[in-house]
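A.B. asks: Before we start, here is the structure in question, set down as structure tokens.
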Amino acid sequence: MTFSLFFKPKHNYFLERIGKENDGGYLINSDAILKSKYLLSFGIFDDWSFEKNFIEYNKNVKVICYDDVISFNFIFTRSIKKIILDLYKFKFTNIFNNLFTIMDYILIKNKIKFYKKKIVRGDIEKIMNNLDQVFLKVDIEGNEYEILEDILKVQNNISALIIEFHDVDKNRDVIERFIEKFKLNLTHIHPNNYGKLDKNNDPIIIELSFEKYPKILEGNVTLPNILDQKNNPKKNDIFLKFNDS
């Protein structure tokens, strides 16, 4: 089985990589960042590299993050456990990385607001009340399907959307309907190789980028994009197949 053309960008768009190397980085046009007044991130866990990079492009943006586990206690406890494990395994470089995570969380709170909250149906309209030009980032581990209709309701106020879809093998029709109803342009698709392949060797986790005012380039769409990276560098990459392939 292959992906329908709903999943393939219609044009070759100008894209840049925002966020860290491998998992945590996404392809989007930085113009979408510059045109945004807000960045709403749903699902952070212990990685805010995208949000930090976003601020480097747009120093005036207001960044608000929601996650059901995020807190200083969570970051501190998780990092200390990693440090103890790394000491046992003599991985001293990782020890410094985990100490940095704790310090970075303390310092970045001056620029990023973190709220410990699970996003559920009905939350987006409340959060985005009176907000416009919102860049929305969604990575909530399968709960994205619960809020798709809410995203459609506020789509006129969204400048760009990055969203990760899980269990794609079970929800292709739902994703297709969302893409069809969503007014923003699908500019990029990337398979996340942390997820397994379904019985047809198609990825069950994909990342999609949407923009309100994308920049179209000459030439055909090439996937993977030259800027794409494997989410998990230790695993084989996944290549997408479309109905026109």
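A.B. asks: Which residue pairs have Cβ atoms under 7 Å apart, sit 6 or more places apart or on different chains, and have a first residue in segment 174-192 that is within 14 Å of residue 213 (Cα to Cα) and a second that is part of a helix (DSSP H, G or I) and aliphatic (A, V, I, L, M)?
C.D. replies: 182/152; 186/179
A.B. asks: To continue, here is another question. Can you tell me which condition residue 113 does not meet? The list is (1) loosely packed, with under 14 Cβ neighbours inside 10 Å; (2) at pLDDT 95 or above; (3) over 24 Å from residue 143 (Cβ atoms), and all the others hold.
C.D. replies: Unmet for residue 113, out of (1) loosely packed, with under 14 Cβ neighbours inside 10 Å; (2) at pLDDT 95 or above; (3) over 24 Å from residue 143 (Cβ atoms): (3).
A.B. asks: Restricting to segment 203-236, give me the number of residues that are open to solvent by 60 Å² or more (accessible area, probe 1.4 Å) and acidic (Asp, Glu).
C.D. replies: Matching residues across segment 203-236 total 1.
A.B. asks: Oh, and also: Do the conditions hold for residue 118, that is, is it of a type in the set (Lys, Arg) and either more than 24 Å from residue 209 (Cα to Cα) or surrounded by 14 or more Cβ atoms within 10 Å (Cβ to Cβ) (or both)?
C.D. replies: no
A.B. asks: Okay, moving on. Run residue 200 past the list (1) loosely packed, with under 15 Cβ neighbours inside 10 Å; (2) in contact with a Gly (Cβ under 6 Å, 6 or more places away or on another chain); (3) not basic (Lys, Arg) and report the number of the one that doesn't hold.
C.D. replies: The number of the failed condition is (2).
A.B. asks: What are the residue pairs meeting all of these: first residue in segment 66-82, first residue touching a residue at least 24 places away in the same chain (Cβ under 8 Å) and more than 10 Å from residue 99 (Cα to Cα), second residue among the hydroxyl-bearing types (Ser, Thr, Tyr) and open to solvent by 60 Å² or more (accessible area, probe 1.4 Å), Cβ atoms under 9 Å, and 6 or more apart or on different chains?
C.D. replies: As it stands, the answer is 66/115; 67/115; 70/115, since those pairs meet every condition given.
A.B. asks: Looking only at residues that are more than 18 Å from residue 182 (Cα to Cα) and among the aliphatic types (A, V, I, L, M) in segment 121-141, which one is surrounded by the most Cβ atoms within 10 Å (Cβ to Cβ)?
C.D. replies: 140
A.B. asks: Go through (1) more than 19 Å from the chain's Cα centre (by Cα); (2) surrounded by 16 or more Cβ atoms within 10 Å (Cβ to Cβ) and name the single condition residue 187 misses.
C.D. replies: (1)
A.B. asks: Evaluate segment 150-166: report whether one residue or more is of a type in the set (Asp, Glu), in contact (Cβ under 8 Å) with a residue 24 or more places away in the chain, crowded, with 17+ Cβ neighbours inside 10 Å and not in a loop (DSSP other than H, G, I, E, B).
C.D. replies: Within segment 150-166 (the criterion being of a type in the set (Asp, Glu), in contact (Cβ under 8 Å) with a residue 24 or more places away in the chain, crowded, with 17+ Cβ neighbours inside 10 Å and not in a loop (DSSP other than H, G, I, E, B)), the answer is yes, since at least one residue qualifies.
For every residue, the table says whether it meets (1) basic (Lys, Arg); (2) out of contact with any helix residue (DSSP H, G or I) (no Cβ under 7 Å at 6 or more places or on another chain); (3) under 27 Å from residue 214 (Cβ atoms).
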site: 43; (1), (2), (3): no, yes, yes
site: 48; (1), (2), (3): no, no, yes
site: 70; (1), (2), (3): no, yes, no
site: 88; (1), (2), (3): no, yes, no
site: 95; (1), (2), (3): no, no, no
site: 105; (1), (2), (3): no, no, no
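A.B. asks: Here is a further query. Please report, ordered by residue number, the strands (runs of 3 or more DSSP E) entirely within segment 1-106 with at least 1 residues that are among the small types (Gly, Ala, Ser), buried (at least 20 other Cβ atoms within 10 Å of the Cβ) and under 20 Å from the mean Cα position of the chain (by Cα).
C.D. replies: Numbers: elements: 16-18, 26-28, 38-42, 62-67.
The qualifying strands (runs of 3 or more DSSP E) are 38-42.
The values are calculated or read from the model by the stated rules, or taken from the named source; none is laboratory data. Everything numeric here is computed off the predicted structure, so don't read it as measured data. Neighbour counts are summed over all protein chains in view; Cβ atoms, including those assigned to glycine, are modelled from backbone coordinates with ideal geometry. These area figures cover heavy atoms from the full protein model, side chains too; ligands, DNA and RNA do not enter into them. Shrake-Rupley method; radii C 1.70, N 1.55, O 1.52, S 1.80 Å.
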